[in-house]
Amino acid sequence: MTCGQPDWPHRDASDRLWLQMFLVGLTGGIASGKSTVSSVLRELGCAIVDADVVARTVVEPGTPTYGRIVQHFGPDVLREGGEIDRQKLGQVIFSSEEKRRLLNSITHPEIHKAMLKQILLYFLRGYRYVVLDVPLLFETRRLTRFLNHTVVVYCDPATQLSRLMHRDGLTPEQAKQRVGAQMPLNEKRGLASHVIENSGTREDTHRQVLRLHATLEDSAEHLPVRLLAIAAALGLAGVLLYAVKLLVS
């Protein structure tokens, strides 16, 4: 069976998989290879909620988050068409911890709300577990208490810098600044329940992801109360109402 897909015909109605869903946090560092691991999990059929994709959605022109970003950071962070230029905004916040915290305070609550909507939809569809792909999982810590497993994609510092310079065309100084703005990977790996070592070959990483997948598939952990706790913590009564409407529609 592929990752998290319902297996209802083989279970009693009182023991369906939607009563057994749990959350898995996936994180790493810039250029550590998290996207590679996420892609393998998608190929396995896993339900993925990608915080980066959600982050792009919540800052689209016309959204309240977009308006607050322009208000605080000015029109210089916009493209000609009016969309937020993530690279320009990144240059602004990576040079200032205060500005980085300001941006996070604007975007993170809306990102978490949108992510919860996706989690609830997967929950209602009967997935066994959902992977939350969150770059700043341990930096913000807002979601970690709701996770049954946390996975860090790690690579050694030299490999990380080399990949980042090659990928984004950065100088060594620029790459070090970007890496230095994040929590060190060594610290993240100490907080995780699982580590994917991505300093070697793609084949080796793939094998590690398959082993992780097997471990998660064998889990029998539960989440209904946790989902309600998330909703309560984030004040998302409207999302729960939306989920109920989906059930009865």
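A few notes on this one:
- Dipole in debye (nearest 20) - the stretch 36-97, about Cα centre, beta carbon charges: Lys, Arg +1; Asp, Glu -1: 60 debye
- In order along the stretch 178-186, the Karplus-derived 3J(HN,Hα) couplings, from 6.51 cos²θ - 1.76 cosθ + 1.60 at θ = phi - 60°, round to 5, 5, x, 7, 10, 4, x, 4, 4 Hz, and Gly and Pro are given as x.
- Close amide H pairs (under 5 Å, H built 1.01 Å from N) link residue 196 with 152, 153, 154, residues at least 5 positions away or on another chain.
- When only alpha carbons are used to place a centre, the stretch 51-82 and the stretch 161-213 end up 28 Å from one another.
- In Hz, Karplus ³J(HN,Hα) per residue of the stretch 87-98 (6.51, -1.76, 1.60; θ = phi - 60°; x = Gly, Pro): 5, 5, 5, x, 5, 5, 7, 6, 9, 8, 5, 4
- Distance (nanometres) between label positions extended 7 Å along Cα→Cβ at residue 88 and residue 35: 2.2 nm
- Stretching residue 141 away from residue 53 to a fully extended chain increases their span by 29.7 nm, per 0.36 nm per residue minus the current alpha-carbon distance.
- Taking label positions 7 Å along the Cα-Cβ direction at both residue 219 and residue 174, the computed distance is 3.8 nm, reported to one decimal.
- Database remark: amide H of residue 26 closer than 5 angstrom to the amide H of 132, 133, 134, 151 (H placed geometrically; neighbours at sequence offset of 5 or more, or on other chains; Pro and chain starts carry no H).
- Each residue of the stretch 150-156 is assigned a 3J(HN,Hα), and the resulting list reads 10, 10, 10, 8, 10, 9, 5 Hz, derived from the Karplus form 6.51 cos²θ - 1.76 cosθ + 1.60 (θ = phi - 60°), x at Gly and Pro.
- Heavy-atom accessible surface of the stretch 86-219, averaged per residue, reaches 51 Å², computed with a 1.4 Å probe.
The values are calculated or read from the model by the stated rules, or taken from the named source; none is laboratory data. For clarity, every value in this text was computed on a predicted model and none was experimentally measured. So basically every Cβ, Gly included, is an ideal-geometry build from the backbone, and we count neighbours across all protein chains shown. Accessible surface areas use protein heavy atoms only, side chains included; no ligands, DNA or RNA. Shrake-Rupley method; radii C 1.70, N 1.55, O 1.52, S 1.80 Å.
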